[in-house]
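Colleague: The structure's right below; bear with me while I get my questions together.
The values are calculated or read from the model by the stated rules, or taken from the named source; none is laboratory data. Everything numeric in this text was worked out from a predicted model, so none of it was measured. Backbone-built Cβ (ideal geometry, glycine too); neighbour counts: all protein chains shown. Side chains are part of the model used for accessible areas, which takes the heavy atoms of the whole protein and leaves out ligands, DNA and RNA. Shrake-Rupley method; radii C 1.70, N 1.55, O 1.52, S 1.80 Å.
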Amino acid sequence: MKTLKLLAAGIILLVSTSMEAQVSVNLNIGTAPNWGPRGYSQVEYYYLPDIQAYYDIRASQFIYFGRNQWVRSRYLPRQYRNYDLYSGYKVVLNDYHGRTPYTHYKSHRTKYHKGYRGQHQSTIAHRYNNHRDDGHRYSNDRKNYNKERYSPNRRYSDNHRNSNDKKYSNDKHKKNERNGRDRD
């Protein structure tokens with residue numbers, strides 16, 4: 001009888017706490033990537049004709065043919081790691097809702113050949129590039145990106161200042177005064 005009362009009290013306590021606690025979890029599963037075309041919210045797949053691959057929006061994975069089978073991966077295959085997803089054309093597959101868009105690969109490849117360009121597309125967001133058009137193409141290869149980003153040959157930009165810059169410029173001014181360069 002005592003265990004029955006404890007069990008009933010536990011259930012009441014559990015129900016009362018779950019009624020008060022409302023948890024809101026917002027996972028961005030299935031959101032289109034920034035390089036995706038603007039204006040298509042209910043789409044599941046893109047076909048990328050330049051590299052003959054698909055992109056699964058829900059799973060955030062590329063689907064491509066490799067090693068005699070269709071492969072799903074977060075990254076493009078090595079030969080396309082430098083492919084610019086922002087400027088490449090994306091065919092929006094409105095008419096397909098399943099798990100294997102590559103069942104229609106032959107018709108997609110024929111209809112949307114390499115170099116295919118349909119209507120003008122603008123991307124959802126612009127590519128993040130805080131350097132003045134340095135020609136760097138962002139790829140999905142994290143290892144190469146980090147190598148280029150943190151390369152010892154990269155010059156320190158004038159836009160990045162540290163707390164000693166004011167002190168440095170005053171010291172430089174004083175040196176120039178001592179050398180007679182700053183006299184009126």
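Colleague: Can you pull out every residue in the stretch 46-73 that is in contact (Cβ under 8 Å) with a residue 24 or more places away in the chain and outside any strand (DSSP E or B)?
Modeller: Matches in the stretch 46-73: Pro49, Asp50, Ile51, Gln52, Ile57, Arg58, Ser60.
Colleague: If you don't mind, there's one more thing I want to ask. Tally up the residues in the stretch 79-103 that are in a helix (DSSP H, G or I), within 12 Å of Ile63 (Cβ to Cβ) and open to solvent by 70 Å² or more (accessible area, probe 1.4 Å), please.
Modeller: The total comes to 1.
Colleague: Right, next: Just one of Gln119, Gln69 is over 18 Å from Gly30 (Cα atoms) and modelled with pLDDT under 95; which is it?
Modeller: Of the residues listed, the single one that is over 18 Å from Gly30 (Cα atoms) and modelled with pLDDT under 95 is Gln119.
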